[in-house]
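What follows is one structure encoded as structure tokens, with my remarks underneath.
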Amino acid sequence: MITFDEVTKRYADGTVAVDRLTLEAPTGEITVFVGPSGCGKTTSLRMINRMIDPSEGRVLLDGVDVTTIDPPTLRRGIGYVIQQAGLFPHRKIVDNVATVPYLLGWDKKKARDRAMELLERVGLDLKLAGRYPFQLSGGQQQRVGVARALAADPPVLLMDEPFSAVDPVVRTSLQEELLRLQAELNKTIVFVTHDIDEAVKLGDRVAVLRVGGHLAQLDDPATLLSR
Ligand code: ADP
Ligand code: ADP
């Protein structure tokens, strides 16, 4: 479980990006942060894997303050997917995914087998595994990004607008793939989006943020829609 306990983030220029945020992202659920651009979604997400540390308050992972865990150790247990998949441009698709288990000490063959299995799971046509990222569409690259984030089998997955840059048809397919995958894998997922429809579709619970970094509402999707 991830816990935000009265978390505030004030940047050096005085901007308050997140303002006394308190909420829980339970184990095995998808918690969505939704709200307009600039409401502190990305900042909140990045305080979980310590790309950013809070100015005040604490972020806890299974009860442990993340700032007491060194970032490399912490990030081994946290997959991270961003809007532009951020693949290594000079590595083949299979090696983009295999690099993670390889760095964790798996032998090359095992790492590649694992990569192929994951690429299949995220619905990538395996004929593409030998290509380079620039030879794939945006949606295909995002699938690879998800596979790479899952490669070390982290219990936690952070997703920052992962499907926002792809066209609506592909987006729908990626959303459905994520729900199928989650039904199998049962990760603790924190998903950031500005799209309320996406939030309602994917979230077990939805945190609505307002500019200034305030939590306006925290509900399951059905309750959210009924208000
Ligand atoms: P994106 O959300 O598109 O991936 P970033 O995460 O880099 O982009 O930035 C998110 C928001 O934070 C944007 O509004 C950006 O302008 C702002 N931002 C990022 N880094 C800085 C910075 N160093 N100084 C001021 N604003 C920043
Ligand atoms: P969102 O992900 O909801 O678009 P962000 O967390 O990126 O929001 O940003 C929240 C606020 O903090 C915005 O006003 C943004 O411009 C500001 N911000 C983000 N990064 C920085 C930074 N490094 N320095 C100053 N302000 C920042």
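The values are calculated or read from the model by the stated rules, or taken from the named source; none is laboratory data. Here the structure is a predicted model, which is why all the values come from computation and not from measurement. Using ideal geometry, Cβ is built from the backbone for each residue, glycine included, and neighbour counts are taken over all protein chains shown. Please note that ligands, DNA and RNA were not included when accessible areas were found on the heavy atoms of the full protein model with its side chains. Shrake-Rupley method; radii C 1.70, N 1.55, O 1.52, S 1.80 Å.
To the nearest ten degrees, helix 138-150 and the longest principal axis of the Cα atoms of the chain are 80 degrees apart. Shown here for the stretch 125-154: trypsin sites (Lys or Arg not before Pro) in loop regions (DSSP other than H, G, I, E, B) with at most 16 other Cβ atoms within 10 Å, namely R131.
On full extension, the segment bounded by R210 and L185 gains 5.9 nm, given 0.36 nm per residue less the C-alpha separation. Surface composition of the chain: carbon and sulfur make up 51 percent of the accessible area, probe 1.4 Å.
The count of lysine pairs in the chain with alpha-carbon distances below 16 Å, taking only pairs 8 or more places apart or on different chains, stands at 4. Sparse packing (at most 14 other Cβ atoms within 10 Å of the Cβ) combined with a DSSP loop state is found for the following trypsin sites (Lys or Arg not before Pro) in the stretch 1-110: R91. Relative to the Cα centre, the charge distribution of the stretch 98-184, modelled as +1 at Lys and Arg Cβ and -1 at Asp and Glu Cβ, gives a dipole magnitude of about 400 debye.
Axis of helix 93-103 versus longest Cα principal axis of the chain: the two differ by about 70°, to the nearest ten degrees. A Förster radius of 30 Å combined with the Cβ-Cβ distance from I69 to E6 puts the calculated FRET efficiency at roughly 0.95. Dipole check for the stretch 58-113: with +1 at the C-beta of Lys and Arg, -1 at the C-beta of Asp and Glu, and the Cα centre as origin, the magnitude is about 300 Debye. If you sort the three axes of the alpha carbon gyration tensor as a ≥ b ≥ c, you get a/c of 1.5 or more for the stretch 49-175 and a/b no higher than b/c, which makes it oblate. Of the residues S226, S137, S164, S44, the one with the largest accessible area comes first in the ranking S226, S137, S164, S44, computed with a 1.4 Å probe on protein heavy atoms.
Helical runs (DSSP H, four residues minimum) scored at -39500 (n - 2.57) apiece and divided by the length of the chain put the mean residue ellipticity at 222 nm at -10500 deg cm²/dmol. Rounded to the nearest 20, the size of the Cβ-charge dipole of the chain about its Cα centre is 820 debye, with Lys and Arg at +1 and Asp and Glu at -1. Taking the longest Cα principal axis of the chain as reference, the axis of helix 108-121 is set at about 60 degrees.
Using heavy atoms of the protein chains and a probe of 1.4 Å, the accessible area assigned to V64 is about 60 Å².
Extents of the chain, largest first, come to 47, 39, 33 Å (Cα atoms, principal axes, whole angstrom).
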